[in-house]
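The values are calculated or read from the model by the stated rules, or taken from the named source; none is laboratory data. Here the structure is a predicted model, which means the values were calculated and not measured. Because the Cβ atoms are built from the backbone with ideal geometry, glycine has one as well, and the counts that use them run over all protein chains shown. These area figures cover heavy atoms from the full protein model, side chains too; ligands, DNA and RNA do not enter into them. Shrake-Rupley method; radii C 1.70, N 1.55, O 1.52, S 1.80 Å.
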Amino acid sequence: MRLYAKLAAASKYLALTGICVLAFSVRLFSIVKYESVIHEFDPYFNYRVTQFLTKEGFYEMWNWFDDRTWYPLGRVIGGTVYPGLIFTAGTIYRILHFFHVPIHVQEVCVLTAPLFSAFCALACYGLVSQARSHGAGLLAAFFVAIVPSYISRSVAGSFDNEGVAIFALVNVFYWFVKTVNSGSLADAVVLVASYGYMVMSWGGYSFIINLLPLYCLACIFFGRLNGRLYVAFAPLVALGTAISCSIPVVGFNAVLMSEHFGAFFAFIVLHVALLVSYVRRMLSTKHFVILASMVLTVAIALGALAASVVVAYVAKSPTLGWTGRSMTLLDPTYASRFVPIIASVSEHQPPQWSSYIMDLHMLVMLAPAGILACLHRLTDASLFLVLYGLTAVYFSGVMIRLMLVLAPAVCCLSAVALSDLMYVLCGSMRCWKPRFTFSTANDSATAAGEGGGEGASKAPPTPGAAPSPAAPSTKDAVAPSTPDEPTSVKKKTRSRVPSKAAASAAGSKLYALPLLVCGALLGMILVILGLYVVHCIHASADMYSSPSIVLQSPRRDGGVHVFDDFREAYAWLRHNTHPDAKVASWWDYGYQTTAMANRTVIVDNNTWNTSHIATVGRAMSSSEAKAWSIYRALDVEYVFVVFGGLVGYPSDDINKFLWMVRIGGGVYPEIKEPDYLTPEGDYRVDARGTKTMLNSLMYKLSYYDFADESQLSTGQRGVDRVRGYLIGKLNVKLNYFEEVFTSQHWMMRIYRVRDQPLRDPTSRAGKKGKAANRRG
Amino acid sequence: MFLTEMTRTLLAIILCVITTPKLISASPDLSELHAMRDQARDAVVILTDDVLKQYVMGRNRPYTVAIYFSAEQVSEGNPSLRLGELRKEYGLAAKAFAKGPDSDKIFFFEAALETSQMPFAMLQVNALPCVVRILPDLHVSSSTVELSRADKMVPDTVGTHNYPWPAEVFVKFMGDRQGLKAAEVDRPSIYKSPLFPVVLLSGLVSLAYLVYKVYTMSLLQHPALWAVLSLAVFWFSVSGGMYNIIRGVPFFIRDRKGNLQFFLTGRQGQLGAEGFTLGTLYLLVSCSVAFITFLAPRISNRILRDTLSLIGTAVAAGSIYQTFMLWTMKTGYHHVLHV
């Protein structure tokens, strides 16, 4: 038996190691298929800051004023980033170099996210082990290791905050639940530290600081208040807030923004509830009632006063003290009405049903069963899992980006459901005996122990064991009627937290399910687990591993076309322009330009100044002459656009153009969206497109010389392959801008802003002609 | 014979006598129009052909005419236009003018496509929402009438930021040119009722009492209640319910043949019905799994237990299969094995 236990423990650790390796390696498709390169947009900024950190040191980075972005405003980097990811990568780099591992900082950045997803799997294991059992924990770790939603933000090269933040999030939950289970002060210290790391890593920490108070209130409501909850929650609020305040990007928001008020409220309620329970223990019932009525009267008066003060303070701010993004979560239509810059980002859109099944696969079908399972055997930890799942699923419905927060919750819940199901199935199969035999089984199910938090290890049901004294009468009632039936009776007694639901469950006994059902269900579980793995690998390999800085498209002969236009163009900028040249583009490409071309940009992906972005949007939507004067006023020397019409790359600037118009129009009322739409309200750049559209700078920069080139390369003169039609104006002339570079597949086109506009013989001749006509 | 001729002539003469004054008179009979307005539910007169000829057409009128154009087909087919709300606000504006000091200087009409097509053709209205104002000195003949842009209330001229335009916008637009004054717009609201504070207070008190009572009954602490609530939240979210709300997606649409369509194939967009179908399928899987795990092993009758667990298995398997089928139908996705 001891050998079995040792083997079980060994296989558990083996499985965990395997899961970690799986989590790490499934994210390496992007390196294998492409190359070790930083992906997308935001990671380039993080990469640049990490580079700076490794060269200049922590303090220099903390005080870094970056004059290469948001020209002429600049940006204080240290005070405006969540430094967790950058510090993490910097620390890993330092450690490796301390041991003389000569690795480039880029490789460290590329591999940080896969490494932390392995850690996240471990944290998930811990969380579910605390809530249910080690078996369920292993399942949860396995699920989270390859869940597509998480893969999408943590493939190798995706050096974004979420890469470490999801680990940090689950880690905080793990330590919280562990502290709630154990009540140990040492755990509480680790909890506060891990919360500090979370705040440092991601703005999503506000999810935690609202979920934990909610859990705290729910515990009080369900009568589960105890000292262990206090040990877990009170230091977190007090010390955690202090830590948040000392991170510059959060600062005093941690006490001033309404997002954090819930925590303070729960903090007070917790104290009051504990005080009340203490006083109730001390006094007789009669005295307690007198005291309670006295205190209540005073409290209501004081409470009304305090509430009116808070309401007055909150009502002073137009968004009631909530930031725009948080308002979006509470009132889903808020962003689409008021904040185009939030609404324009694709990851802030609400997801459709197909996104859920694409990103969570079969977990989304099992998670509700997990909720039911948790509520069926309600413990402190399983209550937490339910609350986490519910809040996350609601918020993910508002913003597709928060699917990432939902993924671990759904993994944990599904693991609980599946583990319970397997337990019943395997128990039934074990107890199943040939006809005309009868046996009872007694087994102790696993449950999170209330005291030490150590779930009892799963004991196999032992046929023929003595029935527990809890249910002898039931057994007696059934046994005489069933001796000649091929029924095997299995009974479970459970050592668990005494809650009402659990108590009722403990008394009843369980009967084995028919073998057919068990076999069918086990087969089904195997099939859907197999499909899950197949889907996750497919998602990782094909859907989420594209770096979007290098593109591939399959060729007929089985090879791939590689489109490396972006790096080609950035390299051109780096090598052929003056180091102090200012480059303008739409904000999506700001981070890449500073990181790869090392040139000063006007706007970038840190969308902190809407009017500056609107200025660029206005220039892109204006006529050439007006745009020229705007750019000259901003000292811009080069302007580039991303254009996909020649090769059919759909996320180009023409397709993003309406957002430029909307954001520009939000600040400069002269830009009106209807001017760029056909009378039917369609957005088109063909002959039906409006004059304003066809005269806008964006149209001209995109389609300059396009007709001739498309004739040569595709044989269809002037046909845009993204839009799929003939463009509206073939002969585009530029007088204020000069084409200086166009990449191989025309995906990036760089123009120089002329010092002096060209003289325009045609328009002047036209004017002269008109004047002559008038005179005549 | 003679008699009949006589009667005919007489009749003709009588008819002439009756109708001529109406044709001659420049100002139509206002009292009748007043009566029509008083009879109308919200001071908006339905514009039939007769009313049009009698009160709108002519060289000039002593009052301004406001016409609201409506078509049942359009308002039913495009719920996003919210024409019903717009019509209500129009009615409120009409009432405000009818009560105001200039009640005889402006009259509100509604031209419904079902009653009469004439005003639509006359004023060349081919898109809704459209509200026009006809100033007293405008010559309206039976042929088409050119209205200036400033006299039309369409999204282009008034803007869409405060659509559906509240009654105040109508009042301002209609009264602007002529300086007409309207009474305060009287919106029916429960807040104005004198009983409101009493009802509110008693409601609050009884609610608090109810909450206290329910809490002491410890019914609220029963997990079953929370299980149902949780499943509802989960169902709503994974169905893309938020998407439906934010994008204002209809539950179903009609295709060109007029058949109901519940499912959009193709990656873009979803309908309310398809999302909720999928949400329900997920719940079916989960509930049958939960049933097999927690309820089925507690049924002591063997036959019942076996049958029910078999049914549960079948439901779970069927729902999973159906889910994957619908997913493939929606996105064309197939599980691809990478080996």
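Miscellaneous remarks
- Annotation: for a label point projected 7 angstrom from Cα along Cα→Cβ of residue A:62, residues of the stretch A:82-98 with backbone N closer than 14 Å are A:83-84, A:87.
- Ordering A:715-721, A:545-551 by mean Cβ neighbour count within 10 Å, with the highest value first, yields A:545-551, A:715-721.
- Near residue B:46, the amide H atoms lying under 5 Å from its own belong to B:110; only residues 5 or more places off or on other chains count, and H is placed 1.01 Å from N.
- Taking a straight Cα-Cα cut-off under 17 Å and skipping sequence neighbours fewer than 8 places away in the same chain, the aspartates and glutamates within cross-link reach of residue A:700 are A:624, A:652, A:653, A:675, A:686, A:708, A:709, A:720, A:738, A:739, A:760.
- Of the listed residues B:204, A:529, the order by accessible area with a 1.4 Å probe, largest first, is B:204, A:529.
- Note: relative contact order over chain B, using C-alpha pairs below 8 Å and six or more positions apart, is 13 percent.
- Highest average packing first - A:678-690, A:370-382, A:554-566, Cβ atoms within 10 Å: A:370-382, A:678-690, A:554-566
- Counting only whole DSSP H helices of chain B, the ones at least 30 Å long by C-alpha along their axis and with mean Kyte-Doolittle hydropathy no lower than -1.0 are B:2-24, B:302-331.
- Modelled label positions at residue B:57 and residue A:608, each set 7 Å beyond Cα in the direction of Cβ, lie 6.9 nm from each other.
- Annotation note: chymotrypsin sites (Phe, Trp or Tyr not before Pro) in the stretch B:185-278 located in DSSP loop regions with a Cβ neighbour count of at most 16 within 10 Å are B:251, B:252, B:262, B:263.
- Sum of -39500 (n - 2.57) over DSSP H runs of 4+, divided by residues of chain B (222 nm, nearest 500): -16000 deg cm²/dmol
- As a calculated quantity, the FRET efficiency between residue A:515 and residue A:294 at R0 = 56 Å, using C-beta atoms, amounts to about 0.25.
- Between residue B:42 and residue A:286, the FRET efficiency estimated from the beta carbon spacing at R0 = 56 angstrom works out to 0.30.
- Note that the protein assembly as shown shows a convex hull volume over its alpha carbon atoms of 295 Å³ per residue.
- Pairwise label distance in nanometres, residue B:211 with residue A:10, each label 7 Å out on the Cα-Cβ vector: 5.9 nm
- Most to least packed among A:389-398, B:65-74 [average Cβ atoms within 10 Å]: A:389-398, B:65-74
- Cα→Cβ-extended label distance, 7 Å offset, between residue A:304 and residue B:224, nm: 4.0 nm
- Links that overshoot a 27 Å alpha carbon limit, given the list B:152/B:257; A:672/A:729; A:672/B:95: B:152/B:257; A:672/B:95
- Test item: B:247-257 mean partner chain Cβ contacts at 10 Å: 1
- Counting, for every residue in B:280-290, the Cβ atoms of other protein chains within 10 Å of its Cβ and taking the mean gives 6.
- Lys/Arg +1, Asp/Glu -1 at C-beta; the protein assembly as shown dipole; positive extreme among A:261, A:561, B:100: A:261
- Filter on B:105/B:172; A:626/A:691; B:53/B:181 - keep pairs with C-alpha separation over 21 Å: B:53/B:181
- Taking all protein chains into account, the per residue accessible area for the stretch B:222-331 stands at 47 Å² (1.4 Å probe).
- Counting only DSSP beta bridges whose two residues both lie in the protein assembly as shown, roughly 60 percent are antiparallel.
- Each Lys and Arg Cβ is given +1 and each Asp and Glu Cβ -1; about its Cα centre, chain B then shows a dipole of about 960 debye.
- Per-residue average of Cβ from other chains inside 10 Å of A:220-229: 1
- Set of aspartates and glutamates near residue B:88 by C-alpha distance (under 20 Å), chain-local residues within fewer than 8 positions excluded: B:38, B:42, B:72, B:76, B:110, B:114, B:168, B:184, B:186
- Whole-percent carbon and sulfur share, accessible surface of chain B, 1.4 Å: 64 percent
- Reach of residue A:178 by Cα under 13 Å, taken over aspartates and glutamates that are not fewer than 8 positions away in the same chain: A:187, A:380, A:450, A:454
- Charges were assigned to the Cβ only: +1 to each Lys and Arg, -1 to each Asp and Glu. The resulting dipole of the stretch B:187-284 about its Cα centre is roughly 380 debye.
- Toward the positive end of the charge dipole of the protein assembly as shown, with +1 on the Cβ of Lys and Arg and -1 on the Cβ of Asp and Glu, the farthest Cα among B:175, A:366, A:404 is that of A:366.
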